[in-house]
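Below: one structure, written as C-alpha cells.
The values are calculated or read from the model by the stated rules, or taken from the named source; none is laboratory data. Treat the numbers as computed from the prediction; the structure is a model and nothing was measured. Cβ coordinates were reconstructed from backbone atoms using ideal geometry, including for glycine residues, and neighbour counts include every protein chain displayed.
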Amino acid sequence: MRRGLAFLAIAMGLAVAGVRAAPADVKAEAGDTNAAPAEAKAAPCEVKVGIYVLSLGKLDIGSGSYAVDFYLSMASTEPIPDNAFEFMNGRAATIEKIDDADGGRKKFYRILANLNVPVDLKRFPFDQQRLGIILEDKTEGVDKMVYVPEPAESGLDAGIWFPGWSIAGWNVASQTHDYPVYGEKYSQLVFSVDIGRVKLNSFLKTFLPVIFLMLIVMSSFILNPDQITTRLAAISSALVASAMFHISIAGQIPPVGYLTFADKFMVLTYFILLACFFTSLHVFILQGRKEEERAQKLSKLTEKIVFAGMPTLYVALFVWGMCG
C-alpha cells in the first residue's frame, strides 16, 4: 500500500513538472522574441550579354520578317546553362557554340535567326523601321536572373549592306517583360537597329512621275480660253495616269488600315486635278453660252490660283509629312 502511494506521488510530480515546462517549449517553437531572423532574399544573378551583328537579310515589308547573323557573348559569376535563352520575336535557325570558358561562366555563340518586327508604313516611302533581337531566358524569372547589356561587346559590322535602306544606328538595352496570366516576370535583352529608306531614291521613284504630270497640267492653263478643250484633255489624261500610278505604288506594300504618306500625296493630286477639271469645264460651258467675258475672267483667275496654289499645297504636304 505504501509502495503504491509512493509511485502515485512520483507520477503526479512528473506530470506537474511537464506542465510547467510546456509553455517554455511552445514559446521557443513559436519564435516570438527569441527566434532567429529570416534569411535575406538572394539577389538575382546578373548575366552580361553582348550582340555583334555580322549581316542583315532583306526585310519583307509584307510580313515584317528578316534574317540576322550575329555573335552572342554571355558572361556571369555563375555557370550559364547551354542554350538557356530563346528569341521572343522569332526562332533561331542555327546556334553554334564557339567558346565555353571559365567553368561555363563565359559562353560565345554564332547564331543565324529568322525574326519578325512590327512594320509602320504611315510615312511610306520615307518610313523608318526598327529591327529588334529580343532575348529572354527560358526558365529563370527576373527574381533569379537578369540580363545586363554589354555595349563594349555589341555593335554592327562595318561590312553590313542593307539594300534599299540606310542604317541610322543601333542600341542595346534590358527590360522586364510581365506575364500577368502566369504571375511571372522575365528579364529581356533588346538589341535594335534603326533603318530608313534612302530618301532621294524614294522621292524619284514615287513622286517625280506625278510631279511631271502636274507640271504639264499647270502649263495647260497658259492656253487661251478658246483652247479649253486641249486643257480638258490634258487634265483628263493626267487624272487617269495618276490613278494607274497610284495602283502601282500601292502594290509595293501590303494592305494597311491607314493612309500612308504616298496615299495622302495622291489624294491631294486627285483633289487638285478634279478642281482643275470642273473649273475648266465651267469655262467651256460659259463659252458655249457665248459668255466670253465671264469665261475670260474665270480662266485668268484659275490660272493664278493654279500657279500659286498648287506648289504651295505640295510644299505644305511635304513639310507636314516630314515633320509630323
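Quick check on region 106-136: of everything there that is in a strand (DSSP E or B) and of a type in the set (Lys, Arg), which residue is farthest from Phe207 (Cα to Cα)?
Checking each candidate, the answer is Lys106.
For every residue, the table says whether it meets (1) in the same structural domain as Ala173 (by TED's automatic domain parsing); (2) on the phi < 0 side of the Ramachandran plot; (3) modelled with pLDDT of 90 or more.
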{"residue": "Ala40", "(1), (2), (3)": "no, yes, no"}
{"residue": "Val53", "(1), (2), (3)": "yes, yes, yes"}
{"residue": "Leu56", "(1), (2), (3)": "yes, yes, yes"}
{"residue": "Ile61", "(1), (2), (3)": "yes, yes, yes"}
{"residue": "Met74", "(1), (2), (3)": "yes, yes, yes"}
{"residue": "Asn83", "(1), (2), (3)": "yes, no, no"}
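Among the strands (runs of 3 or more DSSP E) lying completely within region 137-254, list those that include at least 1 residues that are within 22 Å of the chain's Cα centre (by Cα) and more than 27 Å from Val49 (Cα to Cα).
The strands (runs of 3 or more DSSP E) meeting that bar are 165-179, 184-197.
Residues to consider are Arg289, Arg294; find the one that is outside the structural domain of Asp127 (by TED's automatic domain parsing), touching a Leu at 6+ places or on another chain (Cβ under 7 Å) and among the basic types (Lys, Arg).
When all the criteria are applied, what remains is Arg294.
What are the residues in region 269-302 that are within 43 Å of the chain's Cα centre (by Cα) and either surrounded by 13 or more Cβ atoms within 10 Å (Cβ to Cβ) or not in a helix (DSSP H, G or I) (or both), if any?
Thr269, Tyr270, Ile272, Leu273, Ala275, Cys276, Phe277
Any chance you could count how many residues in region 279-319 are closer than 19 Å to Thr230 by Cβ and among the hydroxyl-bearing types (Ser, Thr, Tyr)?
4
With the structure loaded, tell me whether Thr94 is surrounded by fewer than 12 Cβ atoms within 10 Å (Cβ to Cβ), of a type in the set (Val, Ile, Thr), at pLDDT 90 or above and under 30 Å from Ile195 (Cα atoms) or whether it fails that test.
Taking the combined requirement at face value, the residue satisfies it.
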